[in-house]
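Single-structure report; data block below.
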Amino acid sequence: MTTETRTPQPAARSRARPLMAWGTPVYQADFDGAARYNPQLRQIILDAEKTDPDAALFGGINAIKSSQNLLTWDHPAIEWVRARITDAVTALTQAELGAAAREVTCGIQAEAWAVVYRSGGSLRPHPHHDSAWSGVYYVEAGEPGGASDAGYLQLLDPRPAAIARQASAGVQRIRPVPGRMVAFPGWLPHSVQATASGNSLRICIAWNVAYDKTWSAMS
């Protein structure tokens, strides 16, 4: 009687892989044109602060917010900012939707405003519920000061359970750098750490974008 010897077969390899669900895209870019346009933006923002009837303190501390029609101001530097916002929105939409991003091209409606933070100026955590994307462009970052995170943008993890279970650090800090654009989903809570004390300013342009099939503000 012959005994058949069989070679053990290797165990089947699992093809399972983790599903990364509900990722949060964050856009960050440092633009070369900042050296040319930031001095112009600084001047027109500070000049407008003196004449803008809607300029006022808002939810921040020691911070002045302009009217939200900044993108309509007639100046080449504003046109440049409009183009950089378009760059950010295009990159984020493509990252989220891939080839399907072509379907979301009927129009985007945008608004922007300047914020000037003075000594100790900060902004409490908040989202922008009515926008698809939100962002900030830094015109002037101010002095670093004593605090290592003075003036930093803080992006907060929107998942309370993850924070409660210590599965998340709960915050991503981004340094304000002149010429840097940061953008993220409008629902993402964010805040601004206190600007350093002293005479230096932190000047930025904040913006919102929503999709509108009937009108394009940036075409």
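Overview of results
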| read-out | value |
| --- | --- |
| Global geometry of region 112-166, whether rounded, prolate or oblate, following the gyration tensor of its Cα atoms and the 1.5 cut on a/c | oblate |
| 15 Å beta-carbon shell around residue 153, net charge (K/R +1, D/E -1) | +1 |
| Summed residue charge, Cβ within 15 Å of residue 25's Cβ, Lys/Arg positive, Asp/Glu negative | -3 |
| Theoretical gain in end-to-end length, residue 199 to residue 28 [0.36 nm per residue, Cα-Cα removed] | 58.8 nm |
| For peptides 62-74, 172-184, sequence by mean Cβ density within 10 Å, most packed first | 172-184, 62-74 |
| Stretchable slack from residue 173 to residue 35, in nm (0.36 nm times residue separation minus alpha-carbon distance) | 47.3 nm |
| Label point distance in nm, residue 56-residue 129, each placed 7 Å from Cα along Cα→Cβ | 2.1 |
| Cα-projected label distance for residue 148 with residue 86, points at 7 Å along beta-carbon direction, nm | 4.1 |
| Peptide ranges 204-210, 89-95 listed from the most packed, as the mean C-beta count within 10 angstrom indicates | 204-210, 89-95 |
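Values in this text are rule-based calculations from the coordinates and carry no lab data. A quick note: this is a predicted structure, and the numbers were derived from the prediction, not measured. Cβ: placed from backbone, ideal geometry, glycine included. Neighbour counts: every protein chain shown.
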